[in-house]
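The structure appears right after this line, and notes come after that.
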Amino acid sequence: MTLSLSDPTWYPIASSEDLPFRHVYQGQLLGRELAVWRADDGNVNVWENRCLHRGVRLSIGINEGGELKCQYHGWRYANRSAGCTYIPAHPADAPARRIENRTYPVREAYGLIWSAANDDQPFRPFAGAEGYDWFPLRPMPVNAAPEDVLAAIARLAPDDQPADILPGLAIRFGGTYYFVQPVDASRAVIRGLLSTQPDLATLRSNNETLSKLRDRLERLAARKPAPTPLQPAFDKVSADLATMPDIAIPRGNTITVVVKRKWTSADGVIGFELAARDGHLPTFQPGAHIDVHLPNGMTRQYSLTNGPGELMSYIIGVKQESASKGGSKVLVETVREGDLLSISEPRNNFPLRRDAVRSVLIAGGIGITPLLSMARFLDKSSLPYELHYFTRAGEQVAFRGDLEALHGKVILHTGLPRAQIGTTIATTLGQWSFAQHVYVCGPAAMLETVRDTAAAQGWPEESIHYEYFKNDKVIDDSSAFDVELARSAMTLHIPSGKTILEVMREAGLTVPSSCEQGACGTCLTRVMEGEVDHQDVYLNKSEKVSNSCMMTCVSRAKSARLVLDI
Amino acid sequence: MITLYDFELSGNCYKLRLLMSILKLRCDIIPVDFYPGRQHKADWFLRLNPFGQLPVLKDDELILSDSGAILAYLAKTYDETGLWFPDDPAVTSEVLRWHAVADDITSTASAARLALGFFYDFDIEKAQKGAHRIFRLMDEHLWFGEKMGRDWLCSPAHPTTADIACFPYVMLSEEGGIGRQDYPALRRWTDRVRRIPGFVVMSGIFPAGRALEQA
Ligand code: FES
């Protein structure tokens, strides 16, 4: 028998107990090196043992419970998807989910972790697997060809009870199974399984038998010419999975999710758990949001509250506004558990820096949602942070249980009069010093307060991060002007009362947008010439002044003509 | 006042920095240019330690050499808990047994590293084979230890200087071309050592992730 790189057979690659929490196990199957780790939710990940950045082994990385962090350059990959969630040097701090490490199929069963070189075959239990409380013996690595190892184990069987050779390099005699894990052409691991719980003496004697077998096999192997090792080409992850995303990703892809749970998280806040229909949901970064397509045809953005690597379902919080028109009202009133919803892939306009010496998170009301996700990331990574959460009354504190589970400084400010909110924010922020960052999400008035106070206390613009979901400003659309679309070689006239976005669509262009009120950043476009009349809340002051980009959904021109990079 | 004659990239020197950090001891470091300067063979150094080996530790007037001996000295003198080098004769001999293993690891794994990284004239293959033989034994010892509820090399329910003595050159073995893939129990033990409060890193030895808190 010759080993093949594409052999689809499932082999055991580790014992369950080889994977304690927060450990990264180094494995190998058919020449391919594997990084194997158990996340805090119990899920076992089997990945190619290379960081996509420089090929450094991930088995020396740090298992943070929801993400695996490369020891050398800090790239991080999420539990389940292996999607990259963080690239330290990347300007946006937030890679797209397209950057994914290679994963292998995995199954934990009978005290062993099983994997295969590819997905061609479903996992099948070995004959007689069910009904026992299996105990894995101490794995015995052997420097000898897997088929020689198998043959030698067969000879261990007593004469009156010949060994049963099973498919997949397995053997059974008596109540014991032996699986040979083909590590490489000249290396194997013997993984024994006992059908009963042994005592220490049994374990010792098994270990002794296998050690002697190993020594014999290795002596024999040393006398034979060594077989050529398998040569796994480090098949590059497909360009599609490994390329750096553009800053603005046109969307269109939607995912169908099930409303798994709907509950009242606080007075006026409804929690929704949106689960994947099968498998997991895409990787996201702390601060990311999804667009939820509502039954009435509207689209609304909601931040994910999830912690790192939690990809089985997304949890969002929705404000129950009695006066609200459409949007959230539909979600709160008509969507029930078990319903299907269509959502976008997560996108992040509110990236979290992980190189700060102090991160201050400030939430007002429902603004807690993105900050809860950030706090969970910082918490898991043991980075210092403080979370200040302002609500009008104690009953309005949403996700209370989740907040209590955090180890950082979580401070609830309830029922403060407006003036006191300002002074609290001022003392909380303090004077800026290097590598301090503040993140704020909440009502517009609160955002303004934080921005103004921070600026007054010496915080530079780059250290103040905020996210608007709504643009409360009244948009002045009375101007009329021309736009020249440089790439499309088209000139369009924008009359008063119509947005650039609308006119472009009428002209047959497909252009991405989401909130259409200048809050989400989806329609961000580069400006090549002309003076922009910004009316959005997405860009910060210096971005606006630079006159180099704008939102086509609300911005207009102060000059007679704009040239856009579309 | 404690003074350590130290070479940053030496695992044997690191053992002492590690224990002193765990015991919160302050010390003065005097760098000795082991490579490429070979200052450990210079006259002034040979007067300190005629064996011509790092590390050397001075505690006031007392001059000590050999990392294992110094570990024992530091623990007996400065560890008020008495845990790092326990007084119980049976445990003491167990600890000393593993100090001897640490020396075997030095003469194999560390020799391979010196040959590959510092161009020493050693038999690399022999050194690597020797290291694998010790790692196999350690992996077995630690695997059975886990089955019996023991996390460390010696029988007490806490680490001792034995764990510190054996740790660095296990961690640095890859620099000598000795993989640890075949020793999962040994790899888990290195995680535990790296989680000891007061743990410090050296070049090539990095921290482990935080352990999961048991609720
Ligand atoms: S579509 Fe949201 S900012 Fe333009």
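Couple of notes before you dig in:
- Interface burial in the range A:17-40 reaches 40 Å² or more for A:Glu17, A:Arg22, A:His23, A:Gln26, comparing the full protein assembly with the chain by itself; accessible area from heavy atoms with a 1.4 Å probe.
- Mean accessible surface per residue for chain A, computed with a 1.4 Å probe while every protein chain stays in place, in Å²: 43 Å²
- Solvent-accessible area, 1.4 Å probe, carbon plus sulfur percent, for the protein assembly as shown: 52 percent
- For the range A:420-436 and the range A:43-85, distance of Cα centres in Å: 35 Å
- Within the range A:376-407, trypsin sites (Lys or Arg not before Pro) in DSSP loop having at most 14 other beta-carbon neighbours inside 10 Å: A:Arg392
- Using only the C-alpha atoms, the convex hull of the range B:113-215 corresponds to 113 Å³ per residue.
- Total buried accessible area between B and A, probe 1.4 Å, nearest 100: 2800 Å².
- Bridgeable aspartates and glutamates around A:Lys380 (alpha carbons under 16 Å apart, same-chain partners fewer than 8 residues away excluded): A:Asp40, A:Asp41, A:Glu64, A:Glu67, A:Glu310, A:Asp355, A:Asp402, A:Glu404, B:Glu213.
- Loop-exposed chymotrypsin sites (Phe, Trp or Tyr not before Pro) per DSSP, neighbour cap 13 Cβ within 10 angstrom, longest uninterrupted part of chain A: A:235-433
- The lysines within cross-link reach of A:Lys224, meaning a Cα-to-Cα straight distance under 27 Å and a gap of 8 or more places when in the same chain, are A:Lys212, B:Lys126, B:Lys129.
- With helices as the sole contributors, chain A gives -5500 deg cm²/dmol at 222 nm; each DSSP H run of n ≥ 4 counts as -39500 (n - 2.57), and the sum is divided by every residue.
- Restricting the range A:521-556 to GluC sites (Glu not before Pro) that sit in a DSSP loop and have at most 15 other Cβ atoms within 10 Å of their own Cβ leaves A:Glu531.
- Over the residues of chain B, the helix contribution to mean residue ellipticity at 222 nm works out to -14500 deg cm²/dmol, using -39500 (n - 2.57) for each DSSP H run of at least 4.
- At R0 = 60 Å, FRET efficiency that the Cβ-Cβ distance of A:Glu461 and B:Ala42 yields, to 0.05: 0.60
- Amide H contacts of A:Ala185 (H built 1.01 Å from N, in plane; Pro and chain starts excluded): A:Leu230 sit under 5 Å, all sequence-distant by 5 or more or on other chains.
- For the range B:167-184, residues shielded by at least 30 square angstrom of accessible area compared with the chain on its own, probe 1.4 Å: B:Glu174, B:Gln181, B:Asp182, B:Pro184
- Cα shape, chain A, gyration tensor, a/c 1.5 rule: prolate
- Counting heavy atoms of the protein chains alone, A:Thr264 has an accessible area of about 100 Å² for a 1.4 Å probe.
- The H on the amide N of A:Val56, modeled in the peptide plane, is under 5 Å from the matching H of A:Cys51, each at least 5 residues off or on a different chain.
- Cα long-axis angle, helix A:418-429 against chain A (0 to 90 degrees, to the nearest 10): 50 degrees
- Antiparallel %, DSSP beta bridges [both residues in the protein assembly as shown], to 5: 75 percent
- A:Lys262, B:Lys15, reordered so the largest accessible area comes first (probe 1.4 Å): A:Lys262, B:Lys15
- All aspartates and glutamates inside 19 Å of B:Lys41 as judged from Cα atoms, apart from same-chain residues fewer than 8 positions distant: B:Asp6, B:Glu8, B:Asp33, B:Asp66, B:Asp121
- Amide H to amide H, with H built 1.01 Å from N, A:Leu562 comes under 5 Å of A:Asp482, A:Val483, A:Glu484, counting only residues 5 or more places away or on other chains.
- Taking θ as phi - 60° and the Karplus parameters 6.51, -1.76 and 1.60, the scalar couplings of the range B:36-42 work out to x, x, 6, 5, 6, 10, 6 Hz in sequence order, x denoting glycine and proline.
- Which listed pairs, of A:Lys409/B:Lys24; A:Lys262/A:Lys473; A:Lys473/A:Lys498, have C-alpha distances above 25 Å, in listed order: A:Lys409/B:Lys24; A:Lys262/A:Lys473
- Burial annotation for the range B:186-208: residues with an accessible-area loss of at least 10 Å² between the isolated chain and the complete set of protein chains, computed on heavy atoms with a 1.4 Å probe, are B:Arg187, B:Arg188, B:Asp191, B:Arg195, B:Phe206, B:Pro207.
- Each residue of the range A:476-485 was assigned a 3J(HN,Hα) from its phi angle through the Karplus expression (A = 6.51, B = -1.76, C = 1.60, θ = phi - 60°), giving 8, 10, 7, 6, 9, 6, 10, 10, 10, 9 Hz with x at Gly and Pro.
- Of the DSSP H helices in chain B, those that are both long (alpha-carbon extent of 18 Å or more along the helix axis) and hydrophobic (Kyte-Doolittle mean at least -1.0) are B:89-105, B:124-147.
- Sparse-neighbour loop sites [trypsin sites (Lys or Arg not before Pro); the range B:56-111; at most 12 other C-beta within 10 Å; DSSP]: none
The values are calculated or read from the model by the stated rules, or taken from the named source; none is laboratory data. Only a predicted model underlies this, so the values are computations on that prediction, with no experimental measurement involved. All Cβ positions, even for glycine, are placed from backbone atoms using ideal geometry, and neighbour counts span all protein chains on display. Ligands, DNA and RNA are stripped out before the accessible areas are found, and what is left, the full protein with its side chains, is counted by its heavy atoms. Shrake-Rupley method; radii C 1.70, N 1.55, O 1.52, S 1.80 Å.
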